[in-house]
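Trainee: Quick one: this structure, given as structure tokens, is what I'll be asking you about.
The values are calculated or read from the model by the stated rules, or taken from the named source; none is laboratory data. Predicted model only: the values in this text are computed from it and were never measured. FYI the Cβ positions are ideal-geometry reconstructions off the backbone, even for glycines, and counts take in every protein chain you see. In case anyone asks, the SASA skips ligands and DNA or RNA and just uses the protein heavy atoms, side chains included. Shrake-Rupley method; radii C 1.70, N 1.55, O 1.52, S 1.80 Å.
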Amino acid sequence: MSEENTAETKPEGEEEITETTVQVKMPWKDSMGDLPLTLDYFSGSMADMVHQIVEKYPDYTAFMFMGKKTTYRQMWEQIENCAKALRTIGVREGDRVTIALPNCPQAIYMFYGVNLVGGIANMIHPLSAEAEIENYLNMSGSVTAITLDQFYGKFENIRKNTKLVNVIIARVRDALSRPIRVGYMLTEGRKIEKIPADAPVIMWDDFMHISKSCFYNYKVERGDDDPAVILYSGGTTGTTKGILLTNRNLNALSQQVVSANPMFRPGDKMLAAMPLFHGFGLGVCIHTMLSQGGCCILVPRFTADSYGSDIVKYRCNFIAGVPTLYEALLRVPKLKNADLSCLKGVFSGGDSLSVELKKKLDKFLYDHNCAVQVREGYGMTETVTACCLTPPHMNKEGSIGLPFPDTYIKIVKPGTDEELPYGEEGEILLSGPTVMKEYIDNPEETAATLRRHPDGLTWVYSGDLGTMDDEGFVFFKGRAKRMIVSSGYNVYPGQIENILDANELVQMSCVIGVPDAYKMQKVKAFVTLAPGVPANQETRDALMEYCSKNVAKYAMPYDIEFREDMPKTLVGKVAYRLLEEEELAKIEAEEKAADTQVDSE
């Protein structure tokens, strides 16, 4: 049997999991008050929940990476070794460990290894700029970090400005099968600069070998309400904040997701291309699958072409992506005659899915033998990820679906707790078991975002606008906060403006999102230069180089336009909406000119 199909084979004598894997009754008295619960939630840590699956289905395939499969038994052995090594190098209960890795085996081992020793996993984008990495490390107070060899230089450059004691270096090649490794070293591997022999780091193989020195109890008992993960978001203000999530938050999400997808069966395969530092990737594509007996197809870096190829190659049962990815999939040649009958669930999140794109996707799926349609969801990092999803049996045009079990959504008059009637637009509020614990070291923002109402529930003020109909279907109408969504990533203009304004060449800046056929939006910066600074290509290049060192790759401006003056509002603020309208007018004019040219030919 080929490796692609091994995950579907069920060991003999094993009982099949249905609906929710774990049935441990647990009362919730904090965020949920005394309300009756639909599901029986697991009480314990994320690692505990996964371990139950390991004991029940040791020979199932937990994940596949570049064609190499790893069973649950093999995965758990490596997780335990990782935990022992962490304990040996001094990581203790409550310590923060930064994980700056793509979707690869080492990231899985480290994530659950940190959880086993009672630490908190600080998940960050490995492509973050040096200044951002430094900020994440200091905001979390991380004592240990792990990243890939190709990002060693970034960590070394800022290490002296942090509390880091240990830096662990992993390599993609270490997780590959021998034949694939040879090809990798002849191509991608050749581009990576060698790390100096005397570099103050611990290489992954050496790190895992350290586990042999751990002879004492390395496991720390952690409860469901204990903090476990830090993810990052701009929240409702656009200022980067660390979101502290508990074991309960991610465990509850996994049970909610499976409950909302009764077609799931152990051994089903999820194409895990959404990144680990993102709540969607970590919560749905990884933890939900591994805590419920699924198989993750780990994708460290992908394009629309490779994504399409993987769906077919591995006969994936579930896929998740952002609208821009799905739009690109429609044009992938390799999918022209593909049989997609294997798909049980196709989920879209990260940005609103237009009605027209959904129609195109649904037709595409139907034409390729798929029995399901794309299902749109909604959520925010403050609730891990999705907390609302279109049900499998029905949908309403333009709707983002119904709340997950034990999750509540209500629409209020913006800035208040005054609930609005059905059909009336207001701010979306969320409550349920996946609601974050707090923003780390930011009590004011926490108090502004998490508010306890007279109904006894703690509600997250999303900053998003929407409506709800009398059947409970929610409709997303727009963002009350200023934010750009580019290829599914949230980009906060204020952050980039602060970075640009700090440069001595800049007097003032304004950042906007420009419509883009592939990315949905791309980032453009307008700059008024400081007196005496020439508005030439040399200056533009200098600012782009500056941005590359301080702004994440996905948030980089594609263009910087110089302006002698910025348009202003009546109260003197930069009128960014006018700049957006100007850019939109330019695009429309260019499209019209192109159409005229085609007609004349």
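Trainee: Does the range 84-103 include one or more residues that are in a strand (DSSP E or B), open to solvent by less than 10 Å² (accessible area, probe 1.4 Å) and not β-branched (Val, Ile, Thr)?
Mentor: Taking every residue of the range 84-103 in turn, at least one turns out to be in a strand (DSSP E or B), open to solvent by less than 10 Å² (accessible area, probe 1.4 Å) and not β-branched (Val, Ile, Thr).
Trainee: For the range 333-349, what are the residues that are in contact with a Phe, Trp or Tyr (Cβ under 7 Å, 6 or more places away or on another chain) and either open to solvent by less than 30 Å² (accessible area, probe 1.4 Å) or in a strand (DSSP E or B) (or both)?
Mentor: Gly345, Ser348, Gly349
Trainee: Identify all residues within the range 192-216 that are loosely packed, with under 11 Cβ neighbours inside 10 Å, within 13 Å of Gln150 (Cβ to Cβ) and either under 27 Å from the mean Cα position of the chain (by Cα) or at pLDDT 90 or above (or both); write none if there are none.
Mentor: Hits for the range 192-216: nothing passes.
Trainee: If I filter the range 560-598 down to residues being at pLDDT 80 or above and of a type in the set (Lys, Arg), which single residue comes out as nearest to Met483 (Cα to Cα)?
Mentor: Of everything passing the filter in the range 560-598, Arg577 is nearest to Met483 (Cα to Cα).
Trainee: Further question on the same structure: Of all the residues that make up the range 494-541, how many are within 30 Å of Gly321 (Cβ to Cβ) and touching a Phe, Trp or Tyr at 6+ places or on another chain (Cβ under 7 Å)?
Mentor: Count: 4.
Trainee: Would you check if Pro557 is in a loop (DSSP other than H, G, I, E, B), surrounded by 13 or more Cβ atoms within 10 Å (Cβ to Cβ) and at pLDDT 90 or above?
Mentor: For Pro557, the condition - in a loop (DSSP other than H, G, I, E, B), surrounded by 13 or more Cβ atoms within 10 Å (Cβ to Cβ) and at pLDDT 90 or above - is met.
Trainee: Criterion first (β-branched (Val, Ile, Thr) and touching a residue at least 40 places away in the same chain (Cβ under 8 Å)) does Val374 satisfy it?
Mentor: Yes, satisfied.
Trainee: Same structure, new question: Quick test of your reading of the structure: Pro126 fulfils all but one of (1) in a loop (DSSP other than H, G, I, E, B); (2) modelled with pLDDT of 95 or more; (3) under 30 Å from Pro196 (Cβ atoms); (4) not hydroxyl-bearing (Ser, Thr, Tyr). Name the failing condition by number.
Mentor: Evaluating Pro126 over (1) in a loop (DSSP other than H, G, I, E, B); (2) modelled with pLDDT of 95 or more; (3) under 30 Å from Pro196 (Cβ atoms); (4) not hydroxyl-bearing (Ser, Thr, Tyr) leaves (2) as the failure.
Trainee: Something else now. For the condition open to solvent by 20 Å² or more (accessible area, probe 1.4 Å), under 24 Å from Ser140 (Cβ atoms) and assigned to a loop (DSSP other than H, G, I, E, B), what is the one hit in Asp417, Asp441?
Mentor: Criteria check complete, one pass: Asp441.
Trainee: Just one of the numbered conditions (1) in a helix (DSSP H, G or I); (2) out of contact with any Pro (no Cβ under 8 Å at 6 or more places or on another chain) is not true of Leu357; which one?
Mentor: Among (1) in a helix (DSSP H, G or I); (2) out of contact with any Pro (no Cβ under 8 Å at 6 or more places or on another chain), the lone unmet condition for Leu357 is (2).
Trainee: Same structure again: Among the residues of the range 377-399, how many are touching a residue at least 40 places away in the same chain (Cβ under 8 Å) and not in a strand (DSSP E or B)?
Mentor: 12
Trainee: Something else now. Based on what the data block shows, is Leu186 at pLDDT below 95, more than 25 Å from Leu250 (Cβ to Cβ) and of a type outside the set (Gly, Ala, Ser)?
Mentor: Answer is yes for this residue.
Trainee: On to the next question. Can Met274 be described as in contact with a Cys (Cβ under 6 Å, 6 or more places away or on another chain) and not in a helix (DSSP H, G or I)?
Mentor: yes
Trainee: Still on this model: Looking at the range 521-533, is at least one residue assigned to a strand (DSSP E or B), open to solvent by 30 Å² or more (accessible area, probe 1.4 Å) and in contact with a Gly (Cβ under 8 Å, 6 or more places away or on another chain)?
Mentor: Yes, the range 521-533 has at least one match.
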